[in-house]
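None of the figures in this text is laboratory data; all of them are computed from the coordinates on show. Remember, it's a predicted structure, so these values are computed and weren't measured experimentally. Methodologically, a virtual Cβ is constructed for each residue, glycine included, from the backbone with ideal geometry; neighbour enumeration extends over all protein chains shown.
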Amino acid sequence: MLPHFADISPGQLALAFLSCLLLFSGLDDFVPVLVCLWHGFLRPKPEPSSDGEGEALTERRIAIFVPCWKESGVIERMIRQNLARIRYDSFDFFLGVYPNDQATVEVAEDLSRNLSNVHVAVCPHPGPTSKADCLNSVYDGMCRYEAQTGVQFDTVVLHDAEDVIHADALRVIHRERFRYAMVQVPVLPLPTPFTEFTHAVYCDEFAEFQSIDMRAREYCSSFIPSNGVGTGFARKILDQLARDRNGRVFDPASLTEDYEIGLYIYAAGFPQRFSPLTRDSKNQLVATREYFPMNIRFAIRQRTRWVTGITLQCWEHVGWQGSGWTKYWFWRDRKGLITNPLSLLTNLVFVAGVVDWIRSAAAHRPWAFAITHPRIIALCWATLVLQCFRLCLRIICVAGLFGSPFAAGVPLRAFHANFINTCATLRAVWRYTRARLRKTAHVWLKTDHAYPTSESGHLERRPLADVLAQSGFVTQPELQTALTHVTGDNDLADHLLARGLMSETELCRALSLQCGAPIAKIDLRRLHRSATRTLPASIENRFKVVPFKIERGKLYLAGSRAPVGDTWTALSKFTSLATEFQLVPSTTYNRLRALLYGS
C-alpha cells in the first residue's frame with residue numbers, strides 16, 4: 001500500500017494501480033518459465049519412451065478426422081499433399097461435410113472415389129452447426145465403415161482442412177500411444193514474410209506457448225488441452241465419451257471441443273502427453289503447420305471463438321474444479337478477460353505519454369505524465385523492467401523457431417497483438433452474453449483457410465519406391481530387383497514401364513500419390529489453345545510441362561512427371577496467374593504436346 005494518498009494526484013494513483021496490475025500479471029507469466037527451469041535443469045527428468053517391443057509391433061491403425069465447412073478450395077490439396085508427405089502406412093482420412101455445402105461434398109466424394117483411404121461422412125443436417133457436431137458425424141461415419149469392412153481403428157487424430165501434417169507426426173503419435181491415451185503434437189504457424197503482421201502475431205504467441213506453457217503443464221501433472229489439430233486419442237476414450245454422452249463424443253454446444261475434451265481426459269484419469277518440439281533428420285521441426293488468418297477481421301473472428309469456448313463456456317460448465325495446479329492453469333487460460341483490455345489500455349497510455357512528452361518538450365511546459373512520488377516511480381520502473389524481460393523471453397522463443405530477423409519484430413507486433421486480443425475478448429463477452437440472454441446456441445465461427453501449394457516448398461515427397469511398396473502396384477521382389485538396376489525416381493519409373501511391370505495409368509496414379517498432384521481429366525477435343533500463349537514453348541522443352549487451360553484466374557499445367565527444381569520460379573517470370581500442376585500418363589502428355597505445339 002502506498003502511504004500519503006492525499007499528497008498524490010489522481011493521475012499518479014491511476015498509473016500506480018495500472019502498474020500494480022501489470023506487475024502481478026507479469027510475475028504470473030514467469031511461473032511457467034520457472035516450472036520449466038526447475039524440471040529442465042534442477043530436476044532433469046528423462047523423456048518417457050515406448051518399450052522396445054512396442055516399436056516392433058504392427059503400426060496402430062489411425063483415423064484422421066477432418067471437419068469441413070466451405071473447404072472446397074483447400075481440402076483436395078490438403079489431402080493429396082499430406083498423403084504424399086506422411087511416412088506412415090496404416091491411416092485413413094475421414095472428411096466430415098454438410099449436405100448444403102455441395103461444392104465441398106463434390107470434392108470430398110471425388111477424393112473418396114480415387115483414393116482408397118479417404119472416406120466421406122455427410123452430416124445429417126445442414127450446416128454450419130459447430131465443429132464438435134461435425135466431428136460427431138465423422139465419428140459415426142468411422143463406426144459405419146468399421147462395421148462394413150471389419151477394420152478397427154486404434155487411434156483417432158484431429159486435423160483441420162488447412163493443416164500441413166509433418167511426415168513423422170503419425171509415427172510420433174504411434175510411438176507415444178504405447179504409454180499415453182492422448183498425444184499432442186506441437187502446432188506452429190507456417191513462416192510468412194516479416195510484413196504479414198497479423199499472421200506473425202500467431203507465430204510469436206505459438207512459439208512461446210508451445211515452447212514453455214505446454215511443457216510446464218505436463219511438468220505440473222496438470223491437464224493438457226488439445227490444440228484442436230495434431231492430437232491423437234485412444235479409441236477407448238472416444239467410445240467412453242460416446243457412452244457417457246448418449247452417442248455424442250464431442251459436446252455440440254462447445255466452440256472449443258478440443259480444449260474441453262483434453263480436460264475430460266485428464267479428469268477421467270487417462271495419461272496425457274505433449275510431444276516436445278524436436279527436429280527431424282532434415283532439421284525440420286516435427287509439428288503440425290498451417291496458415292493462420294492474415295486479415296485482422298478474420299483473426300478477431302477466430303480468437304473470439306477461442307475466448308468464448310476456453311474462457312467463458314468452460315468457466316460456466318466446469319468452474320474452478322481440480323487440484324491447485326489445475327486451478328492455476330484455469331486462471332492462466334481465463335485471465336485474458338482482464339489482461340487483454342489492460343494491455344491495450346497500457347499501450348494507449350504509453351503512446352499518449354510519448355506524444356505528450358514530445359509536445360511538452362517543444363512547448364517548454366511540464367510533462368502531463370510526470371510522476372513525483374518515489375514509490376510510484378519505483379513501481380513503474382519495476383513494471384517496465386519486467387515487461388522488457390517478458391519481451392526478451394518471447395524474442396528468444398521466436399528466434400529459435402523462426403529466426404532472429406523475424407524475432408526482431410516481436411516488440412512492434414506486441415502492440416498489434418494487444419489490439420486483436422482486446423477486440424476478440426470484448427466481442428466474445430458481448431456474443432456470449434447475448435446468447436445467454438436469448439438462450440440461443442453458439443454457431444461455428446469459421447475463418448477462411450489457405451493451403452500451401454506444392455511449389456511453395458512445404459511438400460516433402462516420399463521416395464517413389466516407398467509409394468510403390470505401400471500401394472501394391474508392383475510386388476516386393478519386382479521392386480527390389482528394379483532398385484538394383486536404377487537410381488532415382490525417374491529412372492525407376494522408366495525401368496518399370498520398359499519392363500512392362502506397370503502400366504502408364506498405374507504409374508500416373510503412383511506418381512500422384514507421391515507428389516500430391518491430382519490426375520488431370522483432359523478432353524483433347526476441347527483444348528484451350530489460348531492457354532499456350534501464356535508460356536513460351538521453351539518452357540515445355542525445359543520443364544516438360546504444357547499449359548492446357550485457364551479457368552477462374554488459374555493456369556493449369558500438365559506433365560507426365562512432377563516438376564522439380566526451379567520450375568515455379570521460372571514460370572513466375574512469364575505469367576502472373578496462379579498455377580496448378582496436374583499429372584497425365586505419358587501417352588496423353590505426348591498427344592497433348594503435339595496438339596498444342598505441333599509435332
Legend entry - Efficiency of FRET from Cβ geometry, R297 and H364, R₀ 45 Å, rounded to 0.05: 0.55
Inset, instruction - Note down the magnitude of the dipole of the stretch 461-516 about its Cα centre, charges +1 on Lys and Arg C-beta and -1 on Asp and Glu C-beta and zero elsewhere, to the nearest 20 debye. - result: 140 debye
Legend entry - On Cα atoms only, tilt of 131-149 relative to the major axis of the chain in degrees: 30 degrees
Legend entry - For the stretch 498-505, Karplus couplings with θ = phi - 60° (6.51, -1.76, 1.60), whole Hz, Gly/Pro x: 5, 7, x, 7, 9, 8, 4, 5
Legend entry - Using alpha carbons only: equivalent-ellipsoid semi-axes of the chain, gyration tensor based, whole Å: 49, 30, 23
Legend entry - Amide hydrogen neighbours beyond the local backbone of L555, cut-off 5 Å, H modeled: A578, T579, E580
Legend entry - Leading residue at positive end of dipole, the stretch 307-382 (Cβ point charges), from P366, W331, V349: P366
Legend entry - 5 angstrom amide H check on N100, placed H, neighbours 5+ away: G127
Legend entry - Options L464, T475, L513, ranked by Cα towards positive dipole end of the stretch 461-516, top entry (Cβ charges): L513
Inset, instruction - Rank by packing, highest mean first: peptides 170-177, 139-146, with packing defined as the count of other Cβ atoms within 10 Å averaged across residues. - result: 170-177, 139-146
Inset, instruction - Could you sort 205-211, 131-137 so that the peptide with the highest average Cβ count within 10 Å comes first and the rest follow in order? - result: 131-137, 205-211
Inset, instruction - Please say if the stretch 461-516 is rounded, prolate or oblate, where rounded means a/c under 1.5 for a ≥ b ≥ c the square roots of the C-alpha gyration tensor eigenvalues, and otherwise the choice is prolate for a/b larger than b/c and oblate otherwise? - result: rounded
Legend entry - Inter-centroid distance (Cα atoms) of the stretch 497-563 relative to the stretch 377-428, Å: 48 Å
Inset, instruction - Measure off 7 Å from each Cα along the Cα-to-Cβ vector at L384 and A253, then give the distance between these two points in nanometres to one decimal. - result: 4.9 nm
Inset, instruction - Treat every Asp and Glu Cβ in the stretch 518-599 as -1 and every Lys and Arg Cβ as +1, leave all other atoms uncharged, and give the resulting dipole magnitude about the Cα centre to the nearest 20 debye. - result: 220 debye
Inset, instruction - Sort 276-284, 478-486 for me by packing, meaning the mean count of neighbouring Cβ atoms within 10 Å per residue, highest on top. - result: 478-486, 276-284
Inset, instruction - Quickly work out the W38-to-E196 label distance, labels modelled 7 Å from Cα along the C-beta direction, and quote it in nm with one decimal. - result: 3.8 nm
Legend entry - Phi to ³J(HN,Hα) by Karplus 6.51 cos²θ - 1.76 cosθ + 1.60 over the stretch 221-228, Hz, x for Gly, Pro: 6, 9, 6, 10, x, 5, 7, x
Legend entry - Gain on full stretching of the segment that runs from F30 to N490 - 0.36 nm per residue minus C-alpha separation: 160.2 nm
Legend entry - Angle in degrees between helix 197-208 and the longest Cα principal axis of the chain, rounded to the nearest 10: 80 degrees
Inset, instruction - Return the sequence-ordered ³J(HN,Hα) values of the stretch 483-497 in whole Hz as given by the Karplus equation 6.51 cos²θ - 1.76 cosθ + 1.60 applied to θ = phi - 60°, using x for Gly and Pro. - result: 5, 6, 9, 9, 9, x, 5, 5, 4, 5, 4, 5, 5, 5, 5
Inset, instruction - Could you work out the Kirkwood radius for the stretch 518-599, taking every pair of different alpha carbons, averaging 1/r and inverting it, reported in Å? - result: 12.6 Å
Legend entry - Rounded tilt (10° steps) of 410-438 against the dominant C-alpha axis of the chain: 90 degrees
